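We did not get these values from a lab; they are worked out from the coordinates using the rules stated. In this text the structure is predicted, and so the values were computed from the model without any measurement. Using ideal geometry, Cβ is built from the backbone for each residue, glycine included, and neighbour counts are taken over all protein chains shown.
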Amino acid sequence: MNKMYFKVLSVGVILFTLWSCSGNNGAEQQQVVVPTVQEQPVQAAPADSTMAQPQAQDPAQAQAAAATAQSLPEAITAFIKQHFPNATIAGVEPDHDHGGLEYDVYLSDGTQLDFDANNQWEKVESMKGVPAFFIPKAIATYVKSNYQNMVITKINKEYHGYEVELNNGLDLNFDNSGRFLGMDD
């Protein structure tokens, strides 16, 4: 009974508020107009529109990317040609963070390679999977045995060993001999 009382009281308060806010105490009916929005049909972009096709790179940007790729040491370009024969260099970021000139290289197939000041690879990242060449055999065996159907999407060569990331986001740590050390969050 108590709940019913509060419901009736609530409805009464709402009606009284609406009536008192009308400003004319019911003498005249005010018409409230609610605007309607007509939905516009969604149209597909024409096949020749820029939305349907990748935009062409600005010639100045293409020239700058080519100049940056040409500034790579020969050892790095030869390494890329050997291990990624079907990809081209899409971009290069020189990095002076660790006392020498390092490079972050982006390939046309979506792979990212990081090279240290000695032109040795430090990190390889690819959503399609890191090529087997970069993965020490012990690490490949461990991942295959313990994480079936998972793909290594990143390998990072570090002083103490390797860190690999699987396509499920799991990070695994290994020592330099490929012995499993543990997982990161």
**Asked** Loop-only check: which chymotrypsin sites (Phe, Trp or Tyr not before Pro) in region 102-156 are DSSP coil with at most 16 other Cβ within 10 angstrom?
**Response** 147
**Neighbour cut-off at most 14 other Cβ (10 Å), DSSP loop, trypsin sites (Lys or Arg not before Pro), region 95-185** = 128, 179
**Asked** If amide H atoms are built 1.01 Å from N in the plane of the peptide, which residues on other chains or at least 5 residues away come under 5 Å of the amide H of residue 122?
**Response** 114, 115, 116
